[in-house]
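For reference, the structure is listed below as structure tokens.
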Amino acid sequence: MRVNKFTRIKTILLSLLWLAIILFVFFIMVSNVFAQEPTPVDTSGITDDQVNAIAKQLYCPVCENIPLDVCPTQACAQWRDLIREKLALGWSEKQIKNYFVEQYGERVLGAPPVKGINWFVYIIPPLAILAGGFILYKALRTRKPVESQGATPDSHASTVEPDQTGEQPSEAYVKRLEDELRKRESA
């Protein structure tokens, strides 16, 4: 009976060894299948213009202030290829932008979304232009007309306007001004 026990154990061990070998080969074959690249998407119908139309509206998440369509980095080339694949799969421009916002945040958008505090970006510039135009209009409207260049210093003496207090300037002051003007004209 002892021999029977050893044969039985030997058979069980050989069966386990064969099972281990079969499982090992199976896992190697399956891992090769999973390691393969996914089937590439046919992007031949998508032009560079279509890709760049979307890439212009996105900024590189790695580089600062460089649009995705002109960024020379390898990462940006891969993101442009990703845009091409998404377009080939039928994604819309909005879906592609949302994908990039989900991946990298709103900083990748060329124009901030019109929501929340971002409204100020769209409202303040036109309001500033209107306010500047109004101020310029008021300034030009209240401006006094310039006197003619041919007037002589003597002709000004009779048209001296009152100062802010409503009083006429003293004759000594007017005479001193006229003297200084004559000195400058002769110089």
The pairs in K56/K115; K115/K138; K138/K175 lying past 27 Å Cα-Cα in this model are K115/K138; K138/K175
In whole Hz, the Karplus estimates of ³J(HN,Hα) for segment 120-131 (6.51, -1.76, 1.60; θ = phi - 60°; x where Gly or Pro) are 4, 4, 8, 8, 5, x, x, 5, 5, 5, 4, 5
For segment 70-86, Karplus-derived ³J(HN,Hα) couplings (6.51, -1.76, 1.60; θ = phi - 60°; whole Hz; x for glycine and proline) come out as 10, 5, x, 6, 5, 4, 5, 4, 5, 5, 5, 5, 5, 4, 4, 5, 5
In vacuo Debye sum over C-alpha of segment 48-116, base-10 log of normalised intensity I(q)/I(0) at q = 0.12, 0.19, 0.22, 0.26 Å⁻¹, listed in q order, is -0.26, -0.67, -0.90, -1.26
For segment 104-109, Karplus-derived ³J(HN,Hα) couplings (6.51, -1.76, 1.60; θ = phi - 60°; whole Hz; x for glycine and proline) come out as 10, x, 6, 5, 7, 7
The answer for Y59, listing residues at least 5 apart or on another chain whose modeled amide H is closer than 5 Å to its amide H, is L68, L109, G110
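Every read-out reported here was derived from the displayed coordinates using simple, explicitly stated rules and does not represent laboratory data. Keep in mind it's a predicted model, so treat the numbers as computed, not measured.
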